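Taking it in order: structure first as structure tokens, then the write-up.
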Amino acid sequence: MKLLKKEKVCFVNVGNHHLLIESTKIDDYDLSDLCEKLRKRKFFRDANISLWKKTGSAIVSRTNEAGAGETLSCGSAAAAIASVALGSAKKIMVISKGGKISLTNMGDKLEMTGPAELICEGVWAKN
């Protein structure tokens, strides 16, 4: 595991907890290994963990959700990252493997807009 030496780290609550790690090289990390090590600490056990970087006027992110592993996209992670990265800006784009989402600063709230696509559906069967 690459050690977190110079990365900026924030812990944000957006209804669920997110550990946000800002790094210029988010693809250099084995996110699963990093999260396994971080979640050994009780404080981060149930937290979603995101790596993110600024690229021009957008943010690129990778998120590992507690109990689910790395995801294609995570709306609460995008909101957590935007709450830290927006600063005085009005709007920011967060890009993940699952697509792009736009977040707008609405004072003490964030408005999230972007495409939604049905990927699959099914029936939950009882045992």
Within the range 36-46, is even one residue under 14 Å from the mean Cα position of the chain (by Cα), surrounded by 12 or more Cβ atoms within 10 Å (Cβ to Cβ), among the hydrophobic types (A, V, I, L, M, F, W, C) and closer than 24 Å to Glu7 by Cα?
no
Does the range 54-67 include one or more residues that are in a loop (DSSP other than H, G, I, E, B) and of a type in the set (Lys, Arg)?
no
Within the range 81-126, track down each residue that is crowded, with 17+ Cβ neighbours inside 10 Å and either at pLDDT below 90 or part of a helix (DSSP H, G or I) (or both).
Ile81, Ala82, Ser83, Ala85
Quick check on Val94: is it of a type in the set (Val, Ile, Thr) and over 10 Å from the mean Cα position of the chain (by Cα)?
no
Which residue pairs have Cβ atoms closer than 9 Å, lie 6 or more positions apart in sequence or on different chains, and pair a first residue in the range 35-59 that is within 19 Å of Ser23 (Cα to Cα) with a second residue that is surrounded by fewer than 12 Cβ atoms within 10 Å (Cβ to Cβ) and polar (S, T, N, Q)?
Lys53/Thr24; Lys54/Thr24
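The values are calculated or read from the model by the stated rules, or taken from the named source; none is laboratory data. Since the structure is predicted, the reported quantities are computational estimates derived from the model, not experimental observations. Virtual Cβ from ideal backbone geometry, glycine too; neighbours counted across all protein chains shown.
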